[in-house]
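Peer 1: One structure, pasted below without further comment.
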Amino acid sequence: MTDVAMMARPQRWDVPFDPAMTDADVRLLLQRREFRDIKPDNFPPHMPLEGILKNDARLVHFRPGDIVVREGDYGNSAFLVLEGRLRVVLAPGLPPDLHGRQHGRQKGFFEALAQLWTNRRIPEVRDIRRYRFAREGLRHDYSSGNVRVFIQDIPAVLDKHRTAGLEDGAIFGEIAALGRVPRTASIFAETDARLLEIRWQGLRELRRYDENWRRQIDERYRANALRTHLRDTKIFEGLDENVLEAIAERTLFETYGSFDWHLSYKQLMQRGENAEAKEPVIAQQGDYPDGVLLIRAGFARVSMKLGTGKRTLTYLGAGDHYGFDELYANWKSGETKPLQTTLTAVGYIDILRVPAEVLEKHVFPRQAQPPKALISLADRPLSDDALIDWAVDKRFINATKAMLIDLDRCVRCDDCVRACASTHGGNPRFVRAGSTFDHWMVTNACMHCADPVCMIGCPTGAIHRSLEGGTVVINDDTCIGCGTCAASCPYDNIRMVEITDVSGKELVDPKTRQPILKATKCDLCESNPGGPACVRACPHDALRRVDFRDTNPFRSPNA
Amino acid sequence: MKALARALAVPAGISLLFVAGLALWLHQRWLQLGDTGRITGYILFAVMLGLGVLNLRKRLSMVPLARAADWVSWHAVGGVLALALFWLHTNTLWPAGPYEQFLALLFYLVTITGIAGYALQKVTPKWLTQTGIELIFERIPIEIVRLRLTAERVVYDCCEATGSETLGRFYLETLDWYFRKPRFLTSTLGGGRRGQRWVRQQCDGVARALQANEISYLETLRQLADAKALADIHYSLQGATKLWLLVHVPLAAAVLVVALWHLLVVSVYAL
């Protein structure tokens, strides 16, 4: 027998959400009305309710003013209020500085020009006096070791903003956690509050195995977001509210893949394994379609069998749908043809399934022309698949502003890198290196992803989407250098840098003697006039920022 | 090619119209026995100043001053326009007088380096892409050192594993020189692959003298040498695209200085 070493197979709960969670905590939770009526028998033996509460949930204490969730943040957990009172800020939303975010102020022409002489030769210089003001809005939670943004003047916020109260028993954050969409409002603690935070995996199991939790989550989703989503879906354009209501009533929610896909994807890439084989199947070629699948968040690969292998035809993202053309053809012809393609989840995907009979009643009769069949993409030459395969395999489909360089034009002069440095205090925010295919390179510059996994878990909300343009930016003032975002980015496009003071001295934490770190990345020159300097600076028109969801991101607008 | 034609079409069209109009106007003025030299001289100097601004624009990438690609298109066409203006101004290919000849020499050198550089920039990207690897110029020496250290490790391993010194001797006599720094630069600059041919010849030559258990080490060395050849291509081509600017820009600055003095002298004597 081959010489082998033994270890227990890793299990899902090897790393609990909070190791401090005790059996006594779980027993107390099980006495609450939210869990009291749950039938433990509905849960499989390997996934008991107690196990979910112990391993996928944690108790969190918030002091008055602590912000629990921030509008616009991407979170991976939901909250149940156990004690205390919270406030949801309805309108107007909290200003960015109260969220620990930066003002999206743009420099004027001369202020931008002044960078010519104000940029420093020493890398990563920071004026540390600035941080003192930022720190006033941060509070250290010594029990958990976390840093939180907090509101100092609660009465002023209550005066200026319309708010609603959340008390004992209220659940919030579940739509953002399961649907991978930004939080729609900010919530802060008005009094001392104790909350149960349930990470998305636990929430998913509660929804799956308990009817009450499923109904509660689904009803809230139906009430809050579903109708808006259906109204914005192209195939339902022009339908009146009553019809949309009927469709919403019959719509089913499904999720596939892992919420933490970026972590497993990085591991697969490091091991040099093919991620495609691990993609969960949503719909299989040859199966009979029972409804149209609307993609609410995430990405999916459309592929078909080819010989003994398969080929990727395209990928679908938020707002796209699958199976509509086959259902329509079946309805029109009266036949029952199976699906001609396979749909697999690329990472995490949130899907709405609208049953076929609903479409046959409300949608197909209004359809003037047959929809274009996805299978028609199979008509293109096989060699044309390679670029799409590359974009999907490398997850570039997530990019809304990928830096794409045409290497057949690029003379490798690095004017783009210099231009980037000139707009960021002398420090470039990307490396002209990255993944290449044929004569295309996607560089290691932030792609401002549609699914920005880097934003999950930032303790201070320093990394966020700017309200102005949706760009993913980092507020240097509130970044605590924890590196969560850099570790999460599947593309290694966020860099942790050691900072120095204005005299060039390296800044070191007096307690740990470790250098102070800050997360840095491309911000699309958001504060600079004229857009990304890298694009403007390329003398050979080789560099573009592209949205991989476009029909053909590789086609140059100037070609 | 289409993209290149499209990029140059507008500046070329406008310049052509400008030169044609100017030539017509100068001809009329010449028929009236007017002085055309001073006008063409001032225009030529203004165009040369305009061409020089491209270098300034590169330093001002923090402000929106239109796309650098458009600037380069105008610069390329402006360079040709300057040549046409130069001939209109001097009425000859080679002027009389040592100072004017010096100025003309500098002007022609700037023009030639400009055209050569423009051509180089259109050709080298494709050659670099064809290597199948991407290297940042400043990191190429580090990459070569890495390859050399790996190659040396392979040779040590071979000597240790086989007890034979043949591969070690071969390495010291041939490949050590090759791995020391970028080689065969002029060949790669012309699109040649002399480096790879040289490696093949050397390796094929020694293969006959090696035992079967040494061949796999030689093959690893050959792969490392091939990787080094690709690094050499990058070093040569990327180096050339940087080096030509170090010739073109100082020459252009010299032309402006010499032309300014020429302009001052002519203006003073014309008073």
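The values are calculated or read from the model by the stated rules, or taken from the named source; none is laboratory data. It should be emphasised that the depicted structure is a prediction, and the values quoted were computed from it without experimental measurement. A quick note on method: Cβ atoms are made from the backbone with ideal geometry, for glycine too, and the neighbour counts reach across all protein chains shown. What goes into the accessible areas is simple: the full protein's heavy atoms, side chains included, and nothing from ligands, DNA or RNA. Shrake-Rupley method; radii C 1.70, N 1.55, O 1.52, S 1.80 Å.
Peer 1: Take the range B:44-65 and flag every residue that is open to solvent by less than 40 Å² (accessible area, probe 1.4 Å) and assigned to a helix (DSSP H, G or I).
Peer 2: Scanning the range B:44-65 gives B:Leu44, B:Phe45, B:Val47, B:Met48, B:Leu51, B:Gly52, B:Leu54, B:Arg57.
Peer 1: Something else now. Just checking, does the range A:343-351 include any residue being assigned by TED's automatic domain parsing to the domain that holds A:Arg301 and polar (S, T, N, Q)?
Peer 2: yes
Peer 1: Do the conditions hold for A:Asp501, that is, is it modelled with pLDDT of 90 or more, among the acidic types (Asp, Glu), open to solvent by 20 Å² or more (accessible area, probe 1.4 Å) and within 28 Å of A:Ile295 (Cβ to Cβ)?
Peer 2: No: the conditions fail for A:Asp501.
Peer 1: Mind checking which strands (runs of 3 or more DSSP E) fall wholly inside the range A:184-292 and carry at least 3 residues that are in contact with a Cys (Cβ under 6 Å, 6 or more places away or on another chain) and surrounded by fewer than 19 Cβ atoms within 10 Å (Cβ to Cβ)?
Peer 2: none
Per-residue answers, yes or no, for (1) of a type outside the set (A, V, I, L, M, F, W, C); (2) part of a helix (DSSP H, G or I); (3) in contact with a Ser or Thr (Cβ under 8 Å, 6 or more places away or on another chain):
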| residue | (1), (2), (3) |
| --- | --- |
| B:Gly195 | yes, yes, yes |
| B:Trp198 | no, yes, no |
| B:Gln202 | yes, yes, yes |
| B:Gly205 | yes, yes, no |
| B:Ala209 | no, no, yes |
| B:Gln223 | yes, yes, no |
| B:Ile233 | no, yes, yes |
| B:Leu243 | no, yes, no |
| B:Leu260 | no, yes, no |
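Peer 1: Here's something else I'd like to know. What single numbered condition from (1) away from chain B (no Cβ under 14 Å); (2) β-branched (Val, Ile, Thr); (3) within 28 Å of the chain's Cα centre (by Cα) fails to hold for A:Val535?
Peer 2: Unmet for A:Val535, out of (1) away from chain B (no Cβ under 14 Å); (2) β-branched (Val, Ile, Thr); (3) within 28 Å of the chain's Cα centre (by Cα): (1).
Peer 1: Look at the range A:426-469 and say how many of its residues are within 14 Å of chain B (Cβ to nearest Cβ), of a type in the set (S, T, N, Q) and either touching a residue at least 60 places away in the same chain (Cβ under 8 Å) or crowded, with 19+ Cβ neighbours inside 10 Å (or both).
Peer 2: 3
Peer 1: Shifting gears a bit: Go through the residues of the range A:476-489 one by one and say whether even a single one is more than 22 Å from A:Lys107 (Cα to Cα), at pLDDT 90 or above, in a loop (DSSP other than H, G, I, E, B) and in contact with a helix residue (DSSP H, G or I) (Cβ under 8 Å, 6 or more places away or on another chain).
Peer 2: Yes, because at least one residue in the range A:476-489 is more than 22 Å from A:Lys107 (Cα to Cα), at pLDDT 90 or above, in a loop (DSSP other than H, G, I, E, B) and in contact with a helix residue (DSSP H, G or I) (Cβ under 8 Å, 6 or more places away or on another chain).
Peer 1: Something else about it: State all residues of the range B:132-147 that are surrounded by fewer than 17 Cβ atoms within 10 Å (Cβ to Cβ), touching a residue at least 12 places away in the same chain (Cβ under 8 Å) and assigned to a loop (DSSP other than H, G, I, E, B); if no residue qualifies, say none.
Peer 2: B:Gly132, B:Ile133
Peer 1: If you take the residues of the range A:390-420 that are among the acidic types (Asp, Glu) and part of a helix (DSSP H, G or I), which of them is most open to solvent (accessible area, probe 1.4 Å)?
Peer 2: Ranking the qualifying residues of the range A:390-420, first place goes to A:Asp393.
Peer 1: Out of (1) surrounded by fewer than 15 Cβ atoms within 10 Å (Cβ to Cβ); (2) within 22 Å of the chain's Cα centre (by Cα); (3) modelled with pLDDT of 90 or more; (4) at negative phi, the odd one out for A:Glu506 is which?
Peer 2: Condition not satisfied by A:Glu506: (2).
Peer 1: For residues that are in a strand (DSSP E or B) and open to solvent by 20 Å² or more (accessible area, probe 1.4 Å), scanning just the range A:26-59, find the one that is farthest from A:Ile151 (Cα to Cα).
Peer 2: Only one residue tops the list, namely A:Arg58.
Peer 1: Given the structure, is A:Thr423 buried (at least 24 other Cβ atoms within 10 Å of the Cβ), within 14 Å of chain B (Cβ to nearest Cβ) and among the β-branched types (Val, Ile, Thr)?
Peer 2: Yes; evaluated as a whole, the condition is true for this residue.
Peer 1: Is one or more of the residues making up the range B:79-98 within 14 Å of chain A (Cβ to nearest Cβ) and in contact (Cβ under 8 Å) with a residue 40 or more places away in the chain?
Peer 2: Taking every residue of the range B:79-98 in turn, none turns out to be within 14 Å of chain A (Cβ to nearest Cβ) and in contact (Cβ under 8 Å) with a residue 40 or more places away in the chain.
Peer 1: Could you figure out which of (1) more than 23 Å from A:Pro459 (Cβ to Cβ); (2) open to solvent by less than 20 Å² (accessible area, probe 1.4 Å) isn't true of A:Gly530?
Peer 2: (2)
Peer 1: Hey, another quick one. Of these, A:Ile375, A:Ile405, which one is touching a helix residue (DSSP H, G or I) at 6+ places or on another chain (Cβ under 9 Å) and within 11 Å of chain B (Cβ to nearest Cβ)?
Peer 2: Of the residues listed, the single one that is touching a helix residue (DSSP H, G or I) at 6+ places or on another chain (Cβ under 9 Å) and within 11 Å of chain B (Cβ to nearest Cβ) is A:Ile405.
Peer 1: Looking at the structure I just gave you, is B:Ala3 open to solvent by 40 Å² or more (accessible area, probe 1.4 Å) and within 12 Å of another protein chain (Cβ to nearest Cβ)?
Peer 2: No; evaluated as a whole, the condition is false for this residue.
Peer 1: Here's a follow-up. I need the full set of residues from the range B:22-59 which are among the aliphatic types (A, V, I, L, M), modelled with pLDDT under 85 and touching a Leu at 6+ places or on another chain (Cβ under 8 Å), in order please.
Peer 2: Answer for the range B:22-59, where residues must be among the aliphatic types (A, V, I, L, M), modelled with pLDDT under 85 and touching a Leu at 6+ places or on another chain (Cβ under 8 Å): B:Leu22, B:Ala23, B:Leu26.
Peer 1: Can you name every residue in the range B:95-121 that is farther than 21 Å from B:Arg38 by Cβ, in contact with a helix residue (DSSP H, G or I) (Cβ under 7 Å, 6 or more places away or on another chain) and either of a type in the set (Phe, Trp, Tyr) or open to solvent by 60 Å² or more (accessible area, probe 1.4 Å) (or both)?
Peer 2: Passing the criteria: B:Leu109, B:Tyr118.
Peer 1: Being away from chain B (no Cβ under 14 Å) and without any contact (Cβ under 8 Å) to a residue 40 or more places away in the chain is the requirement here; does A:Asp509 meet it?
Peer 2: Here the answer is yes, as A:Asp509 does meet what is asked.
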